[in-house]
Amino acid sequence: MGNSSTKLAEKCSLLSRDEVPVVASSFKFVSKNSERIKEDDLMKFWGSQMDPRLAQYITNFLFGSHGNRSTVVEFQRFAELYVFCVRGTVDERISVLLSSLGYVVSESSEIAYPLIKEYVEAVVSSYIRSLRLQSGPQYKSWESKGFRVVKECVQKLAESLACEVVQPNTQKVTRTDAERWLQQSPTFLRMLEHVFLHLYHHRPTTAKSPHEDKEVMSIRRRSVVPDAKLLPCCEGLQYVPDYPAFTDISQMLFINSNLPMDYRVKWRFLFSSQIHGESFSTLMGRIMDQGPSVIICEDTDGYIFGGFAPDSWSLSPNFVGNDSAFLFTLRPKMRCFQSTGYNDHYQYLNLHQQTMPNGLGMGGQHNYWGLWLDSEYGKGECSESCTTFRNYVQLGVNKNFTIRNIEVWAVGEKPVKSTDGSPERSILDGNVEEKAILELAGRKQYSDGYRDPVRDEPLE
């Protein structure tokens with residue numbers, strides 16, 4: 001580019017070779033090709049790209065706060081903000097946090113929890129805004145099908161990310177608490193990284209500036225913010241242009257961020273009670289043998305909750321699944337309950353049995369389920385405690401609940417039937433949906449007694 005900001009960038013030891021043109025170009029635009037940035041110019045450039053609260057925090061870090069506020073910022077500080085937020089160490093990120101909130105950076109700093117909560121909410125809100133402004137394929141795949149961003153849900157997502165920073169029965173957060181929290185909060189760090197990649201790659205959509213040369217234009221064409229891989233692609237709703245969603249995009253993002261990495265790229269629509277009807281047999285027919293899945297329920301009290309099932313659903317008197325399974329709540333709070341390892345009661349699905357429960361269950365044990373959907377559609381259960389999942393709290397307001405809505409999504413690629421000679425399912429397991437309908441109508445399935453003994457290995 002041959003200007004002062006590029007020369008400054010090349011002398012800045014913080015920046016890698018790939019980062020120099022990005023940060024230098026940003027600095028050049030905001031500073032109007034000078035060696036300093038004014039606060040008003042920065043807000044004109046970035047203000048519409050983020051939550052107003054984050055804008056205030058950023059100016060606190062760059063220009064100072066209270067009596068130490070400066071009217072301009074130089075390149076070094078501008079580069080520090082980028083590096084610290086995109087790939088900084090825990091200490092560097094803590095320094096941004098403290099400076100942004102107006103605290104002196106020291107080892108003895110104590111921060112009021114409500115301030116940290118608001119800071120996290122500002123970052124989360126800015127992350128969602130950046131997804132909307134970029135309008136990438138992941139965001140568009142949900143937004144175009146009727147999913148929206150609800151402010152209340154964004155706040156609950158932020159609260160779920162911030163809740164572990166504070167110790168019980170206190171509203172003060174020590175530097176040690178903050179460091180521990182950052183080390184254990186990959187979702188928040190990825191959101192923070194994405195926000196600042198978006199800000200520093202942002203260019204106004206106005207006509208070309210007289211100062212904008214060919215190299216800058218080349219940087220703009222190359223400046224594509226990497227996908228944060230927190231929001232999956234939505235598939236399977238091509239024939240439902242306005243899906244009757246009872247969840248929002250931030251809730252889907254929360255669930256997806258807790259899935260194993262291999263399943264975060266794509267969600268495949270399987271079932272909705274609003275589309276396919278209130279039928280347990282239809283539910284079974286649409287979710288069986290589809291691979292890992294997410295079940296989301298809304299009860300008549302307005303609570304929303306569900307679970308991630310890592311194995312394909314199949315009829316069996318035995319529990320299946322593994323310790324990547326979890327239960328979650330979305331309303332009134334967003335919380336995730338991971339495996340304790342105490343038992344392996346992750347998934348259960350059975351029907352037309354005289355001595356075994358008939359329905360779908362996750363966690364706990366027979367008659368004391370973490371989550372239970374009865375074969376008599378509409379009835380559900382969530383016990384007061386569940387040894388299968390850590391820190392579990394009762395999902396609904398009552399142990400026995402009535403279902404208002406259910407939807408199920410497969411995550412990841414659809415499993416391919418094995419052709420390598422591995423054990424196959426009995427022919428008696430075919431036409432499950434039709435058999436279920438007959439059973440619910442009182443037609444006994446006499447052939448069920450003539451199958452091979454149940455094997456210990458899970459069927460592929």
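How big is D, in µm² s⁻¹, for segment 38-192 by Stokes-Einstein at 10 °C and 1.306 mPa s if Rh is the Kirkwood radius over C-alpha pairs? Present the calculation step by step, with values, prior to reporting the outcome.
Numbers: Rh = 16.5 Å.
After rounding, the answer is 96 µm²/s.
Pick out, in residue order, every one of the trypsin sites (Lys or Arg not before Pro) in segment 124-173 that is DSSP loop and has at most 16 other C-beta atoms within 10 Å; say none if there are none.
Answer by residue number: Arg148.
Let me understand segment 5-86 better: what is its radius of gyration from the alpha carbons, and its Dmax, in angstrom?
12.3, 36
Which Cα, out of Met334, Met362, Phe319, lies furthest along the positive dipole direction of segment 282-364 (beta carbon charges, K/R +1, D/E -1)?
Met334
Give the accessible surface of segment 1-126 per residue, rounded to a whole number of Å², with probe radius 1.4 Å and ligands, DNA and RNA excluded.
In whole numbers, segment 1-126 has 44 Å² accessible per residue.
So, with a 1.4 angstrom probe, what is the percent of accessible area on segment 117-194 that is carbon and sulfur?
45 percent
Run the accessible area of segment 227-281 with a 1.4 Å probe and give the carbon-and-sulfur part as a rounded percent.
Whole-percent figure for carbon plus sulfur exposure: 49.
Which GluC sites (Glu not before Pro) in segment 36-143 sit in a loop by DSSP (not H, G, I, E or B) and have at most 10 other Cβ atoms within 10 Å of their own Cβ?
For GluC sites (Glu not before Pro) across segment 36-143 that sit outside H, G, I, E and B with at most 10 neighbouring Cβ atoms in 10 Å, the list reads Glu107.
Name the trypsin sites (Lys or Arg not before Pro) in segment 36-94 that are in a loop by DSSP and that have at most 14 other C-beta atoms within 10 Å, would you?
Passing both the DSSP loop test and the Cβ count: Arg69.
The values are calculated or read from the model by the stated rules, or taken from the named source; none is laboratory data. Quantities reported herein were computed from a predicted structural model and do not represent experimental measurements. Heads up, the Cβs are rebuilt from the backbone with ideal geometry, glycines too, and the neighbour counts pull from every protein chain shown. SASA here: full protein model, heavy atoms, side chains in, ligands and nucleic acids out. Shrake-Rupley method; radii C 1.70, N 1.55, O 1.52, S 1.80 Å.
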